[in-house]
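Undergrad: One structure, as structure tokens, below. Some questions next.
The values are calculated or read from the model by the stated rules, or taken from the named source; none is laboratory data. Because the structure is a prediction, the values reported are computed rather than measured. Every residue, glycine among them, receives a Cβ derived from its backbone with ideal geometry; neighbour counts consider all protein chains shown. Heavy atoms of the whole protein, side chains included, go into the accessibility calculation; ligands, DNA and RNA do not. Shrake-Rupley method; radii C 1.70, N 1.55, O 1.52, S 1.80 Å.
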Amino acid sequence: MTGYSGVAPGFRELSALTISKISVGPGDNNCYLLRCRSTGKQLMIDAANEPEVLLDFCDRRLDAVVTTHQHWDHWEHALAAVVDATGATTYTGEPDAPAIAVPTDILLHDGDVITCGAFELRVIRLTGHTPGGVALLFDDPDGHPHLFTGDSLFPGGVGNTFGDPDAFTTLFQDVEGKIFDKLPDDTWVYPGHGADTTLGAERPSLPEWRSRGW
């Protein structure tokens, strides 16, 4: 599948789930809604901004919200309102949870599995953009993998490590070792801002990213 159907929001239909994408707020934060096709249960990734838009996006029915990392633009303006309105269970990486004002119900660790209806997401810890950033992998048994990376991997590079060479090294090693070394080129990447990409499109640039240090 090479593109979204529809106009707004973006929409992909897989055998087990549907993936919808919408951009909200002044930072154009991507919010993703995953809906189990067999049970109707729904999981949102990064309830970032414009709560009424996001509540309409999920039809005010939501079972889980995963916050990919602690940075305020991914939760401050909508997460509390979305959770209050839907009763959704909240998830985030354990090291980042204290920096998020909305209480986290379930703390995530590397290798954890989140189940929503009949589909599962595997948690991949990516340290460097923040201490506890997570990516979420849906390994479609009837197609290619789908990876939601927050702000840890984008088209053109890893996430911002704010001039900290140690943080860059950690993030680059995690992205290379846990993602590029483990997943195929047709893995679709859904970042926290901007356009999607694939691992195959980005893989040739890994040496350049390593040498430039950002």
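Undergrad: Using Cα pairs closer than 8 Å and at least 6 residues apart in sequence, work out the relative contact order for the chain, in percent.
TA: Numbers: 481 pairs, mean separation 30.3, N = 214.
Reported relative contact order: 14 percent.
Undergrad: Just the Cα atoms of segment 59-109: what Rg and Dmax do they give in Å?
TA: Gyration radius and largest Cα-Cα distance of segment 59-109: 10.1, 31 Å.
Undergrad: Output the antiparallel fraction of DSSP beta bridges having both residues in the chain, as a percent to the nearest 5.
TA: DSSP beta bridges in the chain are roughly 70 percent antiparallel.
Undergrad: For segment 93-214, place one equal point scatterer on every Cα, skip the solvent, and apply the Debye formula. What is log10 of I(q)/I(0) at q = 0.10, 0.20, 0.22 Å⁻¹?
TA: These q points yield log10 I(q)/I(0) values of -0.30, -1.16, -1.35.
Undergrad: Please list the equivalent ellipsoid semi-axes of segment 67-149, computed as the square roots of five times the alpha-carbon gyration tensor eigenvalues, in descending order and whole angstrom.
TA: Working: eigenvalues 94, 52, 23 Å².
Those come to 22, 16, 11 Å.
Undergrad: Let me ask another. Using just the helices of the chain, give the 222 nm mean residue ellipticity in deg cm²/dmol: DSSP H runs with n ≥ 4 each add -39,500 (n - 2.57), and the total is spread over all residues, rounded to 500.
TA: -4500 deg cm²/dmol
Undergrad: Relative to 2.2 N^0.38 Å, what does the C-alpha radius of gyration of segment 28-80 come to as a ratio? Two decimals please.
TA: 1.08
Undergrad: Show which lysines lie in cross-link reach of LYS41 when reach means a straight Cα distance below 20 angstrom and same-chain residues fewer than eight apart are skipped.
TA: Cross-link targets: LYS21.
Undergrad: Here is a further query. Towards the positive end of the charge dipole of segment 108-214, with charges on Cβ (+1 Lys, Arg; -1 Asp, Glu), say which of ALA135, GLY150, TRP214 has the farthest Cα.
TA: With unit charges placed on the Cβ atoms, the residue in question is TRP214.
Undergrad: Sticking with this structure for a sec: Using a 1.4 Å probe on the protein chains only, how many percent of the accessible area of the chain belongs to carbon and sulfur?
TA: Looking at the chain in its full context, I get 51 percent from C and S.
Undergrad: Taking only protein heavy atoms and a 1.4 Å probe, what accessible area per residue, in Å², does segment 1-159 have with all protein chains in place?
TA: Values: 6240 Å² over 159 residues.
About 39 Å² of surface per residue is accessible.
Undergrad: Mind checking the dipole of the chain: about its Cα centre, +1 per Lys or Arg Cβ, -1 per Asp or Glu Cβ, Debye to the nearest 20?
TA: Dipole about the Cα centre, nearest 20: 300 debye.
Undergrad: Where the eigenvalues come from the Cα gyration tensor of the chain, what are the semi-axes √(5λ) of the equivalent ellipsoid, largest first, in whole Å?
TA: 25, 20, 16
Undergrad: Here is a follow-up. As a test, work out the antiparallel percent of DSSP beta bridges whose residues both lie in segment 125-214, rounded to the nearest 5.
TA: About 70 percent, rounded to the nearest 5.
Undergrad: Then there is this: Residue by residue through segment 19-33, what is 3J(HN,Hα) from phi via Karplus (6.51 cos²θ - 1.76 cosθ + 1.60, θ = phi - 60°)? Round to whole Hz and write x for glycine and proline.
TA: The phi angles translate into 10, 10, 10, 9, 9, 9, x, x, x, 6, 6, 7, 10, 10, 10 Hz.
Undergrad: Output ³J(HN,Hα) for segment 104-121: one whole-Hz value per residue in order, computed from phi by the Karplus curve 6.51 cos²θ - 1.76 cosθ + 1.60 with θ = phi - 60°, and x for Gly and Pro.
TA: Listing the rounded values in order: 8, 6, 10, 7, 9, 10, 4, x, 4, 10, 9, 10, 9, x, 9, 10, 10, 10 Hz.
Undergrad: Still on this structure, I have one more. Across 5 Å bins from 0, what is the distribution of all Cα-Cα pair distances for segment 1-111, in whole percents?
TA: 2, 13, 24, 24, 19, 12, 5, 1
Undergrad: In Å, the Kirkwood hydrodynamic radius of segment 89-133 over pairs of distinct alpha carbons?
TA: Mean inverse Cα-Cα distance, inverted, gives 11.1 Å.
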